[in-house]
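Colleague: Below: one structure in structure tokens.
The values are calculated or read from the model by the stated rules, or taken from the named source; none is laboratory data. What you see is a predicted model, and the numbers here were worked out from it, not measured in a lab. Backbone-built Cβ (ideal geometry, glycine too); neighbour counts: all protein chains shown. SASA here: full protein model, heavy atoms, side chains in, ligands and nucleic acids out. Shrake-Rupley method; radii C 1.70, N 1.55, O 1.52, S 1.80 Å.
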Amino acid sequence: MSSPLTPILPEVQARLARPHASFIDGEQRTPAGDARRTLRNPADDSPLAEVRLADLEQVDACVQSAHRAFRSGAWSGLAPSERERVLLRFADLVERHAEELAQLETLEQGKSIHIARAIEVGASLGYMRYMAGWATKIEGQTLDVSIPMPAGARFNAYTRREPVGVVAGIVPWNFPLMIALWKVMPALACGCTVIIKPADETPLTALRAAELAIEAGIPAGIFNVLLGGAEAGAALVAHPLLNKVSFTGSTAVGKLVGGAALQNMTRFTLELGGKNPMLVLPDADLDKAVAGAIGGGLLNQGQVCAAASRLFVHSSRHAEFVERLADQVGGLGIGPGLDPQAQVNPLVSRRQQDSVLRHLALAREQGARFVCGGGRPDLPGYYVEPTVLDGVDAGMACAREEIFGPVLSVLSYDDLDTAVAQINDNPYGLAASIWSNDLGRVMDLIPRIEAGTVWVNNHVPVDPNLPFGGYKQSGLGREFGRAAIEGFTEEKSVCITY
Ligand code: NAD
């Protein structure tokens, strides 16, 4: 099943044809070094664009630029209402270029054009406007104090929130534009300057966003983009002029980033991996639960930190659930992200495809039953068939490790206490969902689940006003809402004697 591919806009074609380099001080700058990367189209493995990678001198130039811009006050010194106005204009420009950005994202990342339009750009617009509004709502407190000296002295004490300074936003490849904006927008709303380091595979939309920021009136140096991989990322985090790192990525790299940041007391927040359970109670509406497993587990080919990936289904409903799930998953059409009919698209890279196939081989070896999928379709891109694994034991790797691919592992349980113990017996704690209309049971379960987010009768919706982050090895700190503003500001206490 395939249909005509979405025609690529001329401006996207022109952009792909030109070379790309880090965006520093308001423009793309060619590095002195010769390190390059050829981006590849995940749909067919063809070369897509050429990228020049930053050398260490450029890492320094990028941080110096953001530091100078911060010290100049050109952004933090604006009236909050002016920052808000400029950020709203930035959102309008992203909206005006929505199709261009969505196509770039599908081409570099592989995802469905529908998801690129609706989430990567569409959901980001809501987030951008929400965060722009925070620029005018940052506040401190006035506090009564009881300082006894000197006798008779009177005090006025209050706190104020000030921008933390130069922020590095280190971003993974699964939602490159959206996650970059998750960092850029609150950082800029608070008056910080920001350097985005996209993942090696997916730099194009962050670069375009930085250009649009300039067009919106955000001064040069306030929003820079540094192109490169682990080496550039590590040099960025270690830079002494950096004030905060907001990192999203794997737990292993997150630990390196946190450790390095501590050396300079650079503030950091970490949004890391997950192995997110979905708990289906005996009374659950199975139509909704199966749709939730597919939507929450296979969105973006399962390359979602909060994806449902271990499904605990009560034994009384297990067989029916697996049958319905396999029926629907087995019927999903596979094809390029630009094919508007395709429901399952390629993974981001050959490396990720190989990694998911290795996980599947291990699941086979450990005795999981493949109800559907499990293979690599005979297509030139980085595809993996959407896969349902049954007969999964809580100790198997497919029930414990983050696969970050289109793989749903189904487990059966008889009593809820055992299911909750198995859910919590995992180093990750990002998100979970409960499927039931038994209000009392649901309310009892919510506090027992070790996860930063618990959804009930849905899996994976996020909202800019709802804090997002992980328990345990899924991260440190929270993004979104007031928590994000706290993360990009320092709290200063002021005490005045009068
Ligand atoms: P990754 O950890 O390999 O890379 C993330 C980013 O870190 C990339 O930009 C990479 O170049 C950079 N990096 C690599 N080594 C570095 C180092 N030593 N110092 C500084 N930067 C370095 O992750 P990935 O493979 O790009 O993304 C997938 C992972 O991201 C998954 O584990 C997923 O769960 C996680 N993720 C988490 C969230 C969340 O909000 N919790 C959201 C999306 C993705």
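Colleague: Scan the range 295-331 for residues that are without any contact (Cβ under 8 Å) to a residue 60 or more places away in the chain and part of a helix (DSSP H, G or I) and report the count.
Modeller: The qualifying residues number 9.
Colleague: What's the total number of residues in the range 211-230 that are part of a loop (DSSP other than H, G, I, E, B), within 14 Å of the ligand (Cβ to nearest atom) and open to solvent by 10 Å² or more (accessible area, probe 1.4 Å)?
Modeller: Residues in the range 211-230 being part of a loop (DSSP other than H, G, I, E, B), within 14 Å of the ligand (Cβ to nearest atom) and open to solvent by 10 Å² or more (accessible area, probe 1.4 Å): 1 in total.
Colleague: Restricting to the range 270-293, what's the tally of residues that are farther than 24 Å from residue 416 by Cβ and out of contact with any Gly (no Cβ under 7 Å at 6 or more places or on another chain)?
Modeller: 1
Colleague: Kindly indicate the residue of the range 175-197 that is under 17 Å from residue 242 (Cβ atoms) and part of a loop (DSSP other than H, G, I, E, B) and also farthest from the chain's Cα centre (by Cα) among those meeting that condition.
Modeller: 191
Colleague: In the range 231-288, how many are assigned to a loop (DSSP other than H, G, I, E, B), within 13 Å of the ligand (Cβ to nearest atom) and crowded, with 17+ Cβ neighbours inside 10 Å?
Modeller: Total satisfying the criteria: 8.
Colleague: Can you find a residue in the range 200-210 that is open to solvent by 20 Å² or more (accessible area, probe 1.4 Å), within 13 Å of the ligand (Cβ to nearest atom) and assigned to a loop (DSSP other than H, G, I, E, B)?
Modeller: Within the range 200-210, one or more residues are open to solvent by 20 Å² or more (accessible area, probe 1.4 Å), within 13 Å of the ligand (Cβ to nearest atom) and assigned to a loop (DSSP other than H, G, I, E, B).
Colleague: Sticking with this structure for a sec: Could you give every pair whose Cβ atoms fall below 6 Å, whose first residue belongs to the range 57-76 and is farther than 14 Å from residue 219 by Cα, and whose second residue is crowded, with 16+ Cβ neighbours inside 10 Å and of a type in the set (S, T, N, Q), counting only separations of at least 6 or pairs across chains?
Modeller: The qualifying pairs are 58/22; 62/224.
Colleague: Can you find even one residue in the range 25-42 that is assigned to a helix (DSSP H, G or I) and open to solvent by 40 Å² or more (accessible area, probe 1.4 Å)?
Modeller: No, the conditions are met nowhere in the range 25-42.
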